[in-house]
Structures are given as structure tokens and as C-alpha cells.
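Trainee: Input: one structure, supplied below.
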Amino acid sequence: MIKLNDKSKIVELDQATKKNTKVASKDNTTQPNVGSASRPKVVDAKVYKVKSAFVKNSVFITLSYVETDGGRRPIEIFINSKDLNRAPEYVVLTRLISAIFRRATDPMFILEELHGIHDPNGGSFKDGKYYHSFYAEVAETIERFFYDVGIIKKKDISENNQQESTKIDDHDLVRVEVNTQNSQNHLNKQFRICPTCSEKSLKTENGCDSCIQCGYSKCDK
């Protein structure tokens, strides 16, 4: 048998206690949730009715926001419609956007991503604007909501436009180039949207429609 003195026993106990304290400290440490916004029980929200050419029935888009130390920020989105066939699609879309609203430090990039989605059947005009898909209309509604609740300020955009206009006035050469482009755009008003490539390059000659971009053609007999 090995005989241990009092001194050796004390050393062994100190090492064991140090190991236990290290393990306990590792278990108790938790990583903070950075960049996430918790949802309170009551939130302020706005509801927008959207009539789209891409869906059969009108949709109601509900957007809510919360007050934080850094200002107002969006917290969630809901899409409701009578069309039950697209209900699963709306659930997936709103959950993804809501997750971005809560966790992303700057959720503005979601607008560009939604505008970049193209419908396979082509786009549509509404109120003088061309939309590539239903998701582009959702992005337009989200942007309108940001303006309505003050997440994006209109003053900043007006100031930027004034600065750009002053820069153009200071350069005569740029002014001449803009005028020539405007005259060319005026001549291109005879072109229409091509159903194949969705570009404004469809013209009518001798009763036939032809696209100068993709070569699409159709003649009425």
C-alpha cells in the first residue's frame, strides 16, 4: 500500500476542485443572441391590400414593427388570401422574411432580392410600373411600409436627388448627353414589351410583331 501524507491529499483535492469549477463555468456560459429582436406581446402594424395580376384573389399584407434603442425596425409579416392553393407558399415566404426582419442588422437587402425574382410567364404593368413577379409587388409593399412608419426617411432621398441635380447642372457636357438620351427614349415609345424576353423592343411592321432583341415574331392572319 502507498502511504499518503496530509500534504499530498490537500494537493489532490485542490486539483479536483479546479477541474470541477472549470467544467461548471463552461456549462454556465451561453452565447448571446446578437442582432435579434424579441417580439413583445403587443406590436403596431399596418395592413395593405394588394391587387396583383399574378394571383387570382387580392392579398392582404400585414407588417408590424417595434421600437428599439436604435429606432423603429420591422418585426414580422403576414400574407392572407382566399386562395388556399397558395397558402403554403405564403407561409414559407412570410416566415423567411420575418426571420430576416428579426435577426438581420440591416434587412433592406431583402427588397433587392424580391425584386430580382422573375415570373416564368412574364411581368405585368400596374400604376405605370413594371413588375417582374408577385414577389416584386411584395417588395414594393414592404418599401412603402418602411416609408409610412419612418424606418426610411423621405428627406434623405430628396436631399440626394437635389445633390445629383446640382452635379448635373455644373457640367454642360452631361446635360447635352441627357437631352440626347431623352430624345431617343421619346422615339422608342413605339416599342412594346416583348412576351418572350420582357424587354421594350417589340415593334409592329406590316401587320407583324417582331422583337429586335430576341427575334420573336408573330403575324396576324
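Trainee: Only one of these conditions is not met by residue 38: (1) under 18 Å from the mean Cα position of the chain (by Cα); (2) not assigned by TED's automatic domain parsing to the domain that holds residue 137. Which number is it?
Mentor: Of everything listed in (1) under 18 Å from the mean Cα position of the chain (by Cα); (2) not assigned by TED's automatic domain parsing to the domain that holds residue 137, residue 38 misses just condition (1).
Trainee: Here is a further query. For residues that are assigned to a loop (DSSP other than H, G, I, E, B), surrounded by 13 or more Cβ atoms within 10 Å (Cβ to Cβ) and more than 31 Å from the chain's Cα centre (by Cα), tally how many sit in the stretch 192-221.
Mentor: Selection size over the stretch 192-221: 1.
Trainee: Taking the conditions exactly as written (modelled with pLDDT under 55 and aliphatic (A, V, I, L, M)), does residue 212 satisfy them or not?
Mentor: Details: modelled with pLDDT under 55: no; aliphatic (A, V, I, L, M): yes.
So residue 212 does not fit the description; no.
Trainee: Can you tell me which residue in the stretch 34-51 is modelled with the highest pLDDT, limited to those that are part of a loop (DSSP other than H, G, I, E, B), under 27 Å from residue 86 (Cβ atoms) and in contact with a strand residue (DSSP E or B) (Cβ under 7 Å, 6 or more places away or on another chain)? If you could, list the steps in order and put the result at the bottom.
Mentor: As a first pass, look at the stretch 34-51 and keep what is part of a loop (DSSP other than H, G, I, E, B): 34-43, 51.
Subset that is under 27 Å from residue 86 (Cβ atoms): 39, 43, 51.
Checking which are in contact with a strand residue (DSSP E or B) (Cβ under 7 Å, 6 or more places away or on another chain) leaves us with 39, 43.
Values: 39: 77, 43: 89.
Only one residue tops the list, namely 43.
Yes/no matrix, rows are residues, columns are (1) assigned to a strand (DSSP E or B); (2) crowded, with 19+ Cβ neighbours inside 10 Å; (3) not hydroxyl-bearing (Ser, Thr, Tyr):
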residue	(1), (2), (3)
53	no, no, yes
66	yes, no, yes
74	yes, yes, yes
80	yes, no, yes
92	no, no, yes
96	no, no, yes
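Trainee: One residue is enough: does the stretch 144-156 have a residue meeting the conditions at pLDDT below 80, farther than 26 Å from residue 52 by Cβ and either surrounded by 10 or more Cβ atoms within 10 Å (Cβ to Cβ) or out of contact with any strand residue (DSSP E or B) (no Cβ under 8 Å at 6 or more places or on another chain) (or both)?
Mentor: Residues of the stretch 144-156 that are at pLDDT below 80, as a first pass: 154-156.
Subset that is farther than 26 Å from residue 52 by Cβ: 155-156.
So of that shortlist, the ones also either surrounded by 10 or more Cβ atoms within 10 Å (Cβ to Cβ) or out of contact with any strand residue (DSSP E or B) (no Cβ under 8 Å at 6 or more places or on another chain) (or both) come out as 155-156.
For the stretch 144-156, residues at pLDDT below 80, farther than 26 Å from residue 52 by Cβ and either surrounded by 10 or more Cβ atoms within 10 Å (Cβ to Cβ) or out of contact with any strand residue (DSSP E or B) (no Cβ under 8 Å at 6 or more places or on another chain) (or both): present.
Trainee: Would it be correct to say that residue 110 is among the aliphatic types (A, V, I, L, M), in contact (Cβ under 8 Å) with a residue 12 or more places away in the chain and not in a helix (DSSP H, G or I)? Walk me through how you get there before you give the answer.
Mentor: Working: among the aliphatic types (A, V, I, L, M): yes; in contact (Cβ under 8 Å) with a residue 12 or more places away in the chain: yes; not in a helix (DSSP H, G or I): no.
For residue 110, the condition - among the aliphatic types (A, V, I, L, M), in contact (Cβ under 8 Å) with a residue 12 or more places away in the chain and not in a helix (DSSP H, G or I) - is not met.
Trainee: Being over 15 Å from residue 61 (Cα atoms) and in contact with a Ser or Thr (Cβ under 9 Å, 6 or more places away or on another chain): is that true of residue 128 here?
Mentor: Values: over 15 Å from residue 61 (Cα atoms): yes; in contact with a Ser or Thr (Cβ under 9 Å, 6 or more places away or on another chain): no.
Judged against the criteria, residue 128 is not a match.
The values are calculated or read from the model by the stated rules, or taken from the named source; none is laboratory data. Keep in mind the model is a prediction, meaning the values are calculated, not measured. All Cβ positions, even for glycine, are placed from backbone atoms using ideal geometry, and neighbour counts span all protein chains on display.
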